[in-house]
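First the structure, in the form of structure tokens, and then the observations on it.
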Amino acid sequence: MNKDILQRLAQPHGEETPGAASNHESASSFETHPSAPPRDEGGKKPRKAQFRRDKRDVHGWVVLDKPLGMTSTHAVAVIKRLFSAKRCGHAGTLDPLASGCLPIAMGEATKTVPFVMDGRKLYRFTVLWGEERDTDDSEGRVTQTSDARPDEAAIRALLPAFTGRIEQTPPKFSAIKVDGERAYDLARDGAAVELAARPVDIHRLALVERPDPDHAVFEAECGKGTYVRSLARDMGRALGCFGHVCALRRVSVGPFAEKTMILLEQLEALCHRAAAGEASLADALMPVETALDDIPVLAVSRADAARLARGQAVLLRGRDAPNFRGTVYVTVAGQLLALGEMDHGEIVPKRVFNLTGLVGRAGSQSKDV
């Protein structure tokens, strides 16, 4: 899988990385509003002066505990403005009605977004039995109802059928493209949307609690492309009672878990303290290499680092030279340098990092091999 990711990363790309929001200029602009604007000689008010904050190089990950009601794109714009960052994007959309883990990459961290998106995700969600909705969550229109309610034994007996590799049909209201159009746009326009089932991996599915006959709380650890809304819909159909997601929280994405999350209010407060010289924004940033936690690290000399930085392959010799094939990330003097492919002592660089500017240091650790 990592080799496939490297091949994708090696292709030229613009500012919009996989799962990343566009780099809109408006996210970091503002106007001044003087209390008594002067007038020109003709008595007309002059145009308001337009100013733009100076953007800077910021490299690392903010693991936002996204609040309810906020879109992932809006969250990216807010974080980008707070850090005055040049580049910013997220590693996997989280719906407005969902809260929790939204990893946001800045600067050179955007080059590692695919590794995070391909990682496992953990969700905690509540299903309301008795109603199926066209969006498969509480925002949609009720399409089917039932007076039946499943007991705990029936729910637990069903779980193995939805664990492992299963076929899942995505919700009609999803970002999947149909003939060049987003499925949710077609569905909102009243068009009939037929999406094909696709294989997804549910590594773990557990009933956490059943607070009352109408609700059940689950945890699901799943792979890329899994829709929790579809999971709730299909369980409701299998139990003969229908159901939809009424609460959803993403607990973790790849290496980013609850302990690494930061609330938006906390981040804003830290930014204010940093502006006053009382804190550093680097303390809110996870290092770029956090996204590469399951990839071996290889430390090289400064001479070899110089070759790799120029895009040239390096052959490591000697008794201690690694002798394996696969993806590695390369460091020099403890700093991330490149992503590359190792083949019996030769490193071929695929992505080179330029970490000049503000660099994340929260939870930094080394695991050199």
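The values are calculated or read from the model by the stated rules, or taken from the named source; none is laboratory data. The model shown is predicted, which means the values in this text are computed figures rather than measured ones. Cβ placement follows ideal geometry from the backbone for every residue including glycine, while neighbour counts extend to all protein chains displayed. These accessible areas exclude ligands, DNA and RNA; they are computed on the full protein's heavy atoms, side chains included. Shrake-Rupley method; radii C 1.70, N 1.55, O 1.52, S 1.80 Å.
Listed here are the residues, each with its yes/no results for (1) open to solvent by 50 Å² or more (accessible area, probe 1.4 Å); (2) part of a loop (DSSP other than H, G, I, E, B); (3) among the basic types (Lys, Arg); (4) modelled with pLDDT of 95 or more.
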residue: Asp185; (1), (2), (3), (4): yes, no, no, no
residue: Ala192; (1), (2), (3), (4): yes, yes, no, no
residue: Asp201; (1), (2), (3), (4): no, no, no, yes
residue: Ala216; (1), (2), (3), (4): no, no, no, yes
residue: Glu219; (1), (2), (3), (4): no, no, no, yes
Going through segment 273-292 in order, the residues found to be out of contact with any helix residue (DSSP H, G or I) (no Cβ under 7 Å at 6 or more places or on another chain) and free of Cβ contacts under 8 Å to residues at least 40 places away in the same chain are Arg273, Ala275, Ala276, Gly277, Glu278
Wholly inside segment 51-164, helices (runs of 4 or more DSSP H) that include 3 or more residues that are surrounded by fewer than 16 Cβ atoms within 10 Å (Cβ to Cβ) and without any contact (Cβ under 8 Å) to a residue 60 or more places away in the chain are 152-158
Those residues of segment 272-288 that are open to solvent by 40 Å² or more (accessible area, probe 1.4 Å) and not in a loop (DSSP other than H, G, I, E, B) come to a total of 4
Considering segment 299-328, residues that are open to solvent by less than 10 Å² (accessible area, probe 1.4 Å) and not in a helix (DSSP H, G or I), and then whichever is nearest to Arg87 (Cα to Cα), we arrive at Val328
